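Structure, as structure tokens:
The values are calculated or read from the model by the stated rules, or taken from the named source; none is laboratory data. All values reported here derive from a predicted model rather than from experimental measurement. Note: ideal-geometry Cβ built from the backbone for every residue, glycine included; neighbour counts use all protein chains shown. Remember, those area values only see protein heavy atoms, side chains included, never the ligands or the DNA or RNA. Shrake-Rupley method; radii C 1.70, N 1.55, O 1.52, S 1.80 Å.
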Amino acid sequence: MAPPPPMSAAAASRRRRTQAPRPLSEPPLFEEDSSDYCDVRCETCGSGDYAAQLLLCDKCDRGYHMFCLHPILVAVPKGAWFCLSCSRLKKLKSFPLVQTKIIDFFRIRASSEAKQCPIQETPKRRKRAGSLVVSKKRRKLLPYSPSEDPLRRMKQMASLATALTATGAKFSDRLTYVPGMAPRSANRASLEHGGMQVLPKEDVETLNLCKSMMKRGECPPLMVIFDPREGFTVEADKCIKDLTIITEYTGDVDYLRNREHDEGDSIMTLISASNPSQSLVIWRKKQNLKCVRYDVGGECRVLLVANRDISKGERLYYDYNGYEHEYPTEHFV
């Protein structure tokens with residue numbers, strides 16, 4: 001059988017663009033270049049400028065700026081990449097709405113703990129009379145309030161399981177320490193440059209309550225949906241009050257130095273140490289959630305907390321950067 005005809009130099013170089021590894025030092029986001037890509041234009045904005053940021057679909061060869069995509073891409077994907085039109089050819093397979101499958105997927109405890117237990121409010125303390133000093137009341141974190149209908153909770157968990165399965169991700173409800181990456185002993189909140197706020201005891205109890213609710217199948221009131229522009233997004237499935245703990249940000253923990261040039265699009269700062277070699281990350285729009293890092297028992301933990309009241313049906317957004325502006329999210333909408 002005769003070999004296939006060779007690709008032109010321009011076509012070959014364009015094809016390599018989608019499979020190129022991330023460079024050791026990223027070029028400026030909008031640096032102009034004069035390579036062989038002047039004939040390629042972004043299908044979203046119509047411009048052929050910023051060729052270094054043009055990504056070609058491995059099926060239709062149409063170009064897209066990485067910052068014009070929804071969700072935005074911060075690095076060239078490793079391996080093949082398909083635009084939205086071509087990826088639509090793959091039908092999304094919903095996770096089966098079967099209780100046993102969902103219990104196994106999320107490792108829910110099958111015990112008497114699964115019974116509905118009303119959340120007991122802490123009794124209010126009476127104010128001391130005659131005090132001349134008025135201190136500012138600290139705002140306490142609130143536990144999420146699961147949907148009352150067990151079937152609705154199953155649908156919420158099935159939506160998350162569908163997204164995780166479709167993207168090839170695994171469910172994790174805790175920080176994980178993989179051999180060859182950062183050990184658990186490296187997660188010391190005391191390394192944080194300038195110190196880290198300690199999560200008060202009563203808020204630790206609230207966090208533990210949220211984790212125990214999840215383990216017995218009482219999940220946060222969230223629905224994961226697939227948006228043709230943004231991909232998988234999360235919506236509030238009931239009203240969520242300000243300062244409610246939504247979840248803990250979890251995943252594999254590694255040293256920042258090992259992930260500075262990684263192709264991953266989900267990296268969260270865990271510890272920003274005075275010594276950069278000790279800095280850690282969790283590898284993995286208008287924001288209505290805030291990422292807060294706390295010292296919990298000497299370890300750093302990242303919580304996603306509502307920073308205002310969130311209405312039912314509202315999409316949830318948060319900023320990966322925190323205060324350090326480490327990652328190129330200036331084009332996120």
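Checking the structure you have, find out if any residue of the range 271-294 is modelled with pLDDT under 80, in a loop (DSSP other than H, G, I, E, B) and closer than 27 Å to Val178 by Cα. Yes, the range 271-294 contains a residue that is modelled with pLDDT under 80, in a loop (DSSP other than H, G, I, E, B) and closer than 27 Å to Val178 by Cα. The set of residues in the range 49-71 being on the phi < 0 side of the Ramachandran plot, open to solvent by 20 Å² or more (accessible area, probe 1.4 Å) and in a loop (DSSP other than H, G, I, E, B) consists of Asp49, Asp58, Lys59, Cys60, Arg62, Leu69, His70, Pro71.
Of everything listed in (1) at pLDDT below 95; (2) surrounded by 14 or more Cβ atoms within 10 Å (Cβ to Cβ), the single unmet condition for Asp203 is (1). What are the residues in the range 154-200 that are open to solvent by less than 20 Å² (accessible area, probe 1.4 Å) and of a type in the set (D, E, K, R), if any? Passing the criteria: only Glu192.
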